[in-house]
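Worksheet: the structure to be examined is printed underneath.
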Amino acid sequence: MQNQALKDIVIVGGGTAGWMTAAALSTMLNGRYNIRLVESDEIGIVGVGEATIPMIQRFNRVLGIDEHEFMRETQGSFKLGIEFVNWGKQGERYMHGFGRLGQDLATVPFDQYWQKMRRAGKAAPLEEYSISRMAAKANRFMPARHDVPNSPLRDIAYAYHFDASLYARYLRKLAETRGVTRIEGKIARATQRQGGEHDGFVDAVVLENGERVEGELFIDCSGFRGLLIEQTLHTGYEDWTGWLPADRALAVPCESAARMTPYTSATAHQSGWQWRIPLQHRTGNGHVYCSRFISDDEAASTLLANLDGKALGEPRLIKFQTGMRKQAWNRNVVAIGLAGGFLEPLESTSIHMIQSGIQRLVDFFPDQRWSAIDREEFNRQSRFEYERIRDFIVLHYKLNQRTDSSYWLECANMAIPATLQRKMDMYRSHGRVVRVDNELFSEVGWIQVLEGQNMPIDGYHPLADTQSEADIADYLESVRGVIAQCVKVMPTHDEYIAKMCAARKN
Ligand code: FAD
């Protein structure tokens, strides 16, 4: 039996989603498909989205991207985690660091021994058992050293910060070199097949100048507007603002601080929170907030009052609605990026979801038969990913003990998804986190937020008691000591960048 392959792929939109898709497909489809990308300079891109999670390294590897060249070209810096300030109670801070916590000892996970010793007043703070967190705190960075046996230096996990516009430009160059054709123009409308087996399938997008761009598979990367998935196919959107009430962001870059921190900061304010993303040529900042609780002017004042240096322009307002498209794949349109849905950037997950959307598309790549079961599975997996990431983000809001504003009180008292309630109940019972299937955030991620925001627990794993307190104390102390020693030998983040991947000064 012969597959009847498709030939023509049209990507609608040239933001991060469009160019990541174009770069990945032009690499992975081996030149067998005709890939065109339509974008409009007049409309432009959302232009934020500058912090990532470690999985992006896999994306870069598949594309054959050289890390240092990539950092130079995008004014990038390294990211070992996210520092959360004022989230549990005001004045508190903790970090969600990448990579593992501690080292394996015996029957139960590291954190269970830590819980036992903490109850006995004999454990250091959780962060001291994570090399990423301790390195971030000391402003130090280097990639993992896999040649050093049994060392925490093997466990350094990291992601990137980069300039979103430079990232799109970088990927565009790469995709065009690999055969993608870019078409400049504003799409006025889409046309659909009438009748037959594929009634309602999109068959072309029509530009304002009248040009028709025909295709078989359309990938909607047109941003929040969802040009094909919503405006043409009316797929529908599931609104999650009941759980994640923030609906606006103001973004503004500012001059760099004296030192470039190897982590993103997320500082909670009265009615939202502010990101800080250090790059080589500037720092990116934004205030994510809920317009029911604060005006745009007040939000802008808060943002501008909390910058490292001089603002480089006026704050730019972005409105959004948290949620997901009811189907990411409808007929012959697959939505990737903001066209498919949006979860606020608290855990820097959107670019990852572009990456996983592309991977899913490759896994279930269609041919002329347009298999319904493949499409359903694609949509099931997309939903699962969205819902599980949503739960993790909602946790940060639900688990706050702030009493200084009605916003935070409302968040603490809100009803939460049943799947999140179960996770929290499970943790409360014996400090256990159960990772369901291949959900994005691992046990270590959940534990850091649960502990960082003061989740009370009723007890720890009973089998942690099978080791003596003295043995566990020695073990914890040796892990902590080795990590502290390792951090001391690491270069500072600034030194590493200056030596390996300094960008040109403009
Ligand atoms: P866009 O950038 O909006 O691109 C849409 C494209 O479609 C453009 O090229 C546009 O020209 C084109 N287009 C639209 N209509 C037409 C038309 N009619 N004709 C022709 N072309 C058209 N993600 C992270 O991973 N980390 C973060 O730190 C992060 N921070 C964020 C902060 C905020 C406030 C927001 C809103 C998002 C953030 N994101 C973050 C998400 C991230 O910005 C997006 O996932 C990413 O930029 C992808 O956007 P996009 O390509 O889907 O859409």
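Couple of notes before you dig in:
- In the context of the full protein assembly, E376 retains an accessible surface of approximately 110 Å², using a probe radius of 1.4 Å and ignoring ligands and nucleic acids.
- Cβ-Cβ FRET estimate between V482 and H281, R0 fixed at 25 Å, reported to 0.05: 0.10
- Extending 7 Å from the Cα toward the beta-carbon at both Q90 and K505 defines two label points whose distance is 4.1 nm.
- Sequentially through the range 260-271, phi angles give Karplus couplings (6.51, -1.76, 1.60; θ = phi - 60°) of 8, 6, x, 7, 7, 10, 10, 9, 6, 10, 5, 10 Hz, Gly and Pro residues having no value and appearing as x.
- Cβ-Cβ FRET estimate between A498 and V206, R0 fixed at 45 Å, reported to 0.05: 0.35
- Ranking D374, D111, D147 from most to least accessible surface, computed with a 1.4 Å probe over the protein chains only, gives D147, D374, D111.
- Between helix 296-305 and the chain there is an angle of about 50 degrees, using the helix long axis and the longest principal axis of the Cα atoms.
- Among 195-206, 73-84, 282-293, 357-368, sorting by the average number of other beta carbon atoms lying within 10 angstrom of each residue, highest first, gives 73-84, 282-293, 357-368, 195-206.
- Among 42-52, 8-18, 486-496, the order from most to least packed when residues are scored by Cβ within 10 Å on average: 8-18, 42-52, 486-496
- 3J(HN,Hα) from dihedral phi, the range 214-224, Karplus parametrisation 6.51/-1.76/1.60, rounded to Hz, x for glycine, proline: 8, x, 10, 10, 10, 10, 8, 10, 8, x, 3
- Under 5 Å, built H, 5+ apart or other chain: amide partners of N330: A335
- Amide H contacts under 5 Å for H161: S77, F78, K79, restricted to partners 5 or more places along the chain or on a different chain, H placed in the peptide plane at 1.01 Å from N.
- With a Förster radius of 45 Å applied to the C-beta separation of E176 and D437, the computed FRET efficiency comes to 0.75.
- Viscosity 1.002 mPa s, 20 °C: Kirkwood-radius Stokes-Einstein D of the chain over Cα pairs, µm²/s: 89 µm²/s
- Carbon/sulfur fraction of accessible area - the chain, other protein chains in place, 1.4 Å, %: 47 percent
- Degrees between helix 16-28 axis and first principal axis of the chain (Cα, 0 to 90, nearest 10): 80 degrees
- In this structure, the pairs whose alpha-carbon distance is over 29 Å, taken from K122/K499; K423/K488; K7/K326; K79/K488, are K122/K499; K423/K488.
- A simple spin-label model places pseudo-atoms 7 Å from Cα toward Cβ; at E469 and I457 they are separated by 1.8 nm.
The values are calculated or read from the model by the stated rules, or taken from the named source; none is laboratory data. It should be emphasised that the depicted structure is a prediction, and the values quoted were computed from it without experimental measurement. All Cβ positions, even for glycine, are placed from backbone atoms using ideal geometry, and neighbour counts span all protein chains on display. Side chains included, ligands, DNA and RNA excluded: accessible areas come from the protein's heavy atoms. Shrake-Rupley method; radii C 1.70, N 1.55, O 1.52, S 1.80 Å.
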